[in-house]
Amino acid sequence: MLNNLTKLSYQTLQQSKNYLSLGHKTFFTQLQNLLYPPQEPSQKISPQAIATIQNRLNQLLEADWQDTQKGIYPESVLFDNQWTDVLINYPLLCLDLPQIWERISQKQYQEFSKEIDQQGYPSYYLQNFHHQTNGYLSDLSANLYDLQVELLFGGTADAMRRRILSPLKRELQKFQETQQKQIRILDVACGTGRTLKLIRSALPKASLFGTDLSPAYLRKANQLLSQNPGELPQLVQANAEELPYLDHYFHAVTCVFLFHELPPAVRQTVIEQCFRVTKPGGVFIICDSIQLSDSPELVEIMESFPSTFHEPYYKHYITDDLIDKLEKAGFQNIETQTHFLSKYLIAHKPE
Ligand SMILES: C[S@@+](CC[C@H](N)C(=O)[O-])C[C@H]1O[C@@H](n2cnc3c(N)ncnc32)[C@H](O)[C@@H]1O
C-alpha cells in the first residue's frame, strides 16, 4: 500500500515536471516567435513521434522505479528536487532568454563576454552550446544548466542518467567482493556533478573522481557534492582528450551527454583515453543521445534538435558508429540499450 503510494507520488511528480516544462516551452516559444518571427515555419512533431516519446517516457519511469525496488539505488533519489535552486534560477533563466534570442537571430554561436578567459580551450569547445550565454564558461551558465536540461527533457534528465547505475553496479560486483572500499570510478565531463551524485547514492563506499573542462561547472559540482554524505569526489579540470590519470587506474569510467558535443575525431581520442585509464576487466559506460540506428522512428526529433539548440556536432553524431570506435580502441563485448531519448553503451576492457 505504502509502496503504491510512493510510486504514485513519483509518477505525479514526474508528470508535473513534464507539464511545467511543456508550459515553459510553449509560452516562451510563442514570445520568441512574436519578437523574432521565424523565417521558415517551425516543424511540427508528428502524432506518431509524440506517441513513441510518451511510451518511452512511461517505460523509463517504470524502469527507474523498478531499480529502486531491486535495491540498486534508494527511493529517496527519485524525489531529489532542488526547489530552492529552481526558485532562484528560473527567474535568471527567463531574464537570459532575450539575449539568447538576439544571438540566435544574429546567428552568433561563438559569443563570449570580455571577462571570460578563453585561453587554453580547444576551439570546438568555444561555442554557445544550446545557445547558452558564455557557453560552459561562466558561473551563471553553470547555475542555469541543470534547469535548462530539465526543461529540455521534461524533468527526466536524472532518470536517464540513472540508467547507467544498474549496469555499473552489475559490472563492479566482481571487484567489490575482493576490494570493497578501493573501487575507483571516474565520470568524464562530469559537468555540475549530477551523475557523480547519483553514483554515490548507488555505491556509497566507492572512491569517485570527476573531470571537466569548465572551472565554473566544477565549482558548481563541488558545491552540489559537498552537501552529500560520504567521501567527497575528487574533481579535476582536464580535457577528456588527455585524462590526467595513470593507465588502468579505474574499475569503471562513465561519460554522460558528452559525445554528441564532440567533433568525430575527438570522440575517438576520448574513447581511447577512457580505454587507457580503465582497468583490464573494467567497464566503460556511455550515456548519450539516441542515434538514427537505434531509434529511426524518432528521426524528425533528431533532425530538428540541432536547429532548435546550437549543437554543431549533433548531425554527425546521430550517424556515428560508436561501437566501431569503441572496438577500435580495444573494448569488447559492447552491450547497447535505449531508454527514452538516450542510448547506453556498456563496453568491456578485456582482462
Ligand atoms: C552536455 S554537458 C554534460 C554534463 C554532465 N555529464 C551531465 O550529465 O549533465 C557536456 C559537458 O562536457 C564538458 N566538456 C565538453 N568537452 C569536453 C572535453 N573535451 N573535456 C572535458 N570536458 C568537456 C562541458 O564542459 C560540459 O560540462
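For the condition more than 13 Å from the ligand (Cβ to nearest atom), within 18 Å of LYS220 (Cβ to Cβ), among the aromatic types (Phe, Trp, Tyr) and modelled with pLDDT under 90, what is the one hit in TRP101, TRP83? Quick ask: steps written out before the conclusion?
Values: TRP101 fails: within 18 Å of LYS220 (Cβ to Cβ).
The match here is TRP83.
Could you tell me whether ILE323 is touching a helix residue (DSSP H, G or I) at 6+ places or on another chain (Cβ under 9 Å) and either within 13 Å of the ligand (Cβ to nearest atom) or of a type outside the set (Lys, Arg) (or both)? No.
Filtering region 274-302 to residues that are outside any strand (DSSP E or B) and either in contact (Cβ under 8 Å) with a residue 60 or more places away in the chain or among the hydrophobic types (A, V, I, L, M, F, W, C) (or both) leaves CYS274, PHE275, VAL277, ILE290, LEU292, GLU297, LEU298, VAL299, GLU300, ILE301, MET302. Scanning region 88-113 for residues being in a loop (DSSP other than H, G, I, E, B) and out of contact with any Pro (no Cβ under 9 Å at 6 or more places or on another chain) gives a total of 7.
Among the residues of region 23-42, which ones are within 25 Å of the chain's Cα centre (by Cα) and either in a loop (DSSP other than H, G, I, E, B) or surrounded by 13 or more Cβ atoms within 10 Å (Cβ to Cβ) (or both)? Across region 23-42, the qualifying residues are HIS24, LYS25, PHE28, THR29. Would you check if there is a residue in region 186-201 being more than 17 Å from the chain's Cα centre (by Cα) and of a type in the set (A, V, I, L, M, F, W, C)? Checked region 186-201: no residue is more than 17 Å from the chain's Cα centre (by Cα) and of a type in the set (A, V, I, L, M, F, W, C).
Within region 223-234, is there a residue that is assigned to a helix (DSSP H, G or I), within 15 Å of the ligand (Cβ to nearest atom), under 20 Å from the mean Cα position of the chain (by Cα) and closer than 27 Å to SER166 by Cβ?
Within region 223-234, one or more residues are assigned to a helix (DSSP H, G or I), within 15 Å of the ligand (Cβ to nearest atom), under 20 Å from the mean Cα position of the chain (by Cα) and closer than 27 Å to SER166 by Cβ.
From LEU137, LEU147, LEU151, grab the single residue that is more than 13 Å from the ligand (Cβ to nearest atom), in contact (Cβ under 8 Å) with a residue 40 or more places away in the chain and surrounded by 18 or more Cβ atoms within 10 Å (Cβ to Cβ).
Values: LEU137 fails: more than 13 Å from the ligand (Cβ to nearest atom); LEU147 fails: more than 13 Å from the ligand (Cβ to nearest atom).
Result of the check over LEU137, LEU147, LEU151: LEU151.
Note on region 114-141: residues that are assigned to a loop (DSSP other than H, G, I, E, B) and in contact with a Phe, Trp or Tyr (Cβ under 8 Å, 6 or more places away or on another chain) amount to 9.
Looking across region 104-123 at every residue that is loosely packed, with under 12 Cβ neighbours inside 10 Å and modelled with pLDDT under 85, the one that is farthest from the chain's Cα centre (by Cα) is identified as GLN106.
Counting the residues of region 273-287 that are under 20 Å from the mean Cα position of the chain (by Cα) and either within 9 Å of the ligand (Cβ to nearest atom) or surrounded by fewer than 17 Cβ atoms within 10 Å (Cβ to Cβ) (or both) gives 1. Within region 241-280, being more than 16 Å from ILE183 (Cα to Cα) and of a type in the set (A, V, I, L, M) holds for LEU243, VAL256, LEU258, LEU262, ALA265, VAL266, VAL270, ILE271.
Restricting ILE323, ILE334 to those that are in contact (Cβ under 8 Å) with a residue 12 or more places away in the chain, outside any strand (DSSP E or B), among the hydrophobic types (A, V, I, L, M, F, W, C) and surrounded by fewer than 22 Cβ atoms within 10 Å (Cβ to Cβ) reduces the list to ILE323. Within region 235-268, the set of residues being within 9 Å of the ligand (Cβ to nearest atom) and of a type in the set (Ser, Thr, Tyr) comprises just one member, THR254.
Only one of the numbered conditions (1) surrounded by 23 or more Cβ atoms within 10 Å (Cβ to Cβ); (2) within 13 Å of the ligand (Cβ to nearest atom); (3) more than 21 Å from TRP83 (Cβ to Cβ) is not met by ILE185, and that is (2). Among PHE175, PHE153, which is the only one that is under 28 Å from GLY281 (Cα atoms), modelled with pLDDT under 95 and aromatic (Phe, Trp, Tyr)? Only one candidate passes the filter, namely PHE175. From the set of residues in region 191-208 that are within 14 Å of the ligand (Cβ to nearest atom) and hydroxyl-bearing (Ser, Thr, Tyr), which is surrounded by the fewest Cβ atoms within 10 Å (Cβ to Cβ)? Restricting to residues being within 14 Å of the ligand (Cβ to nearest atom) and hydroxyl-bearing (Ser, Thr, Tyr), the top hit is THR192.
Among the residues of region 121-130, is any without any contact (Cβ under 8 Å) to a residue 24 or more places away in the chain and within 16 Å of the ligand (Cβ to nearest atom)? Break it down into steps so the answer makes sense when it comes.
Step one: list which residues in region 121-130 are without any contact (Cβ under 8 Å) to a residue 24 or more places away in the chain, which gives 123, 126.
The next check asks that each one be within 16 Å of the ligand (Cβ to nearest atom); those that pass are 123, 126.
Scanning region 121-130 turns up at least one residue that is without any contact (Cβ under 8 Å) to a residue 24 or more places away in the chain and within 16 Å of the ligand (Cβ to nearest atom).
The values are calculated or read from the model by the stated rules, or taken from the named source; none is laboratory data. Just so we're clear, the structure is a prediction, and the values are computed from it rather than from any experiment. Every residue, glycine among them, receives a Cβ derived from its backbone with ideal geometry; neighbour counts consider all protein chains shown.
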